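Structure, as structure tokens:
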Amino acid sequence: MATLIDLVETPVRELNQALHTPGGADVWRILNPRGAHAVACGIREGLAVDIEGHVGYYCAGMNQRATVTVHGNAGTGVAENMMSGTVRVRGNASQSAGATGHGGLLAIDGDASARCGISMKGVDIVVGGDVGHMSAFMGQAGRLVVCGDAGDALGDSLYEARIYVRGSVKSLGADCVEKEMRDEHLAELAELLKAAERDEDPADFRRYGSARTLYHFKVDNLTAY
């Protein structure tokens, strides 16, 4: 049975302290988040946390091992710097979703705003809808899957992160190019879609990655830096 915490009665600080305490409950249900910031941040154990409503900034930031589900929309920086585990947003996410994430899976059922996956370092992000401009900016490692459309400057200054887009791309950022979709990429994408509870056909996606021309300074590329 889940442990119930009502944020009308319990401050977020007390909630997070309880989630950080070893030997506590394994299953949690959070009521009335009402846009509160930093809900369920820094969890280090394999807990299951369901948040019933919308959350504000940095929900589930620095997550390790836990499965955190937001039954609503999420504000800026959801799952920021997550290390492992799973974070699911059943609605939409604001900007910088999954920023600097090192591992785990961030699954967003709706749309994500600007800079989704900025400076991602190994996290996998699957967005069921569209993403805004400069998504995967300076993406170093990991995979960004967009089941809808992507905004301007997708993958700007990309390193080795992989990007899959089903819909249209408004524009590609500096050093981001479309690449061949080989069998291993189709298999990889199928696994990611399944993990995110999606049923899109991998064959409908295109792959984007780094052209690797910005790895070293070249005066000819001065305007692109």
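Brief remarks on what is shown
- In a DSSP loop and with at most 15 other Cβ atoms within 10 Å, the GluC sites (Glu not before Pro) in the range 45-138 are Glu45.
- Contour excess over end-to-end distance, with Cα ends at Ala25 and Gln64 and 0.36 nm allotted per residue: 12.4 nm
- The DSSP beta bridges internal to the chain are antiparallel in roughly 15% of cases.
- Here, the range 73-203 is characterised by an Rg to Rh ratio of 0.92, where Rg is the alpha-carbon radius of gyration and Rh the Kirkwood radius.
- Of every Cα-Cα pair in the chain, the percent that sits beyond 29 Å: 26
- Length-normalised contact order for the range 3-224 - Cα pairs under 8 Å, 6+ apart - percent: 10
- Charge tally around Asn92: other residues with Cβ under 10 Å, Lys/Arg +1 each, Asp/Glu -1 each, net -2.
- Spin-label model distance (nm) - Met83 vs Ala141, 7 Å beyond Cα toward Cβ: 1.5
- Near Ser210, once Lys and Arg are set to +1 and Asp and Glu to -1 for all other residues with Cβ below 10 Å from its Cβ, the sum equals +1.
- Amide H within-cut-off set for Leu106, under 5 Å, with H built and near neighbours excluded: Val87, Asp124, Ile125, Val126
- Principal semi-axes in Å for the range 61-101 [√(5λ), Cα gyration tensor, largest first]: 15, 13, 5
- Calculated [222 nm] ellipticity per residue, helices only, for the chain: -3000 deg cm²/dmol; basis is -39500 (n - 2.57) per DSSP H run with n ≥ 4, divided by all residues, nearest 500.
- Each peptide among 55-64, 196-205 gets the average number of other Cβ atoms lying within 10 Å of its residues, and from highest to lowest they stand as 55-64, 196-205.
- The angle between the Cα long axis of helix 183-195 and the longest principal axis of the Cα atoms of the chain comes to about 20 degrees, rounded to the nearest 10.
- Relative contact order [Cα under 8 Å, 6+ residues apart], the range 103-151, whole percent: 38
- With both labels modelled 7 Å from their Cα along Cα-to-Cβ, the Asp183 to Thr10 distance reads 5.1 nm.
Each value in this text was obtained by applying a stated rule to the coordinates, not by laboratory testing. These numbers were taken from a predicted model, which means no experiment stands behind them. Note that we place each Cβ from the backbone using ideal geometry, even for glycine, and neighbour counts take in every protein chain shown.
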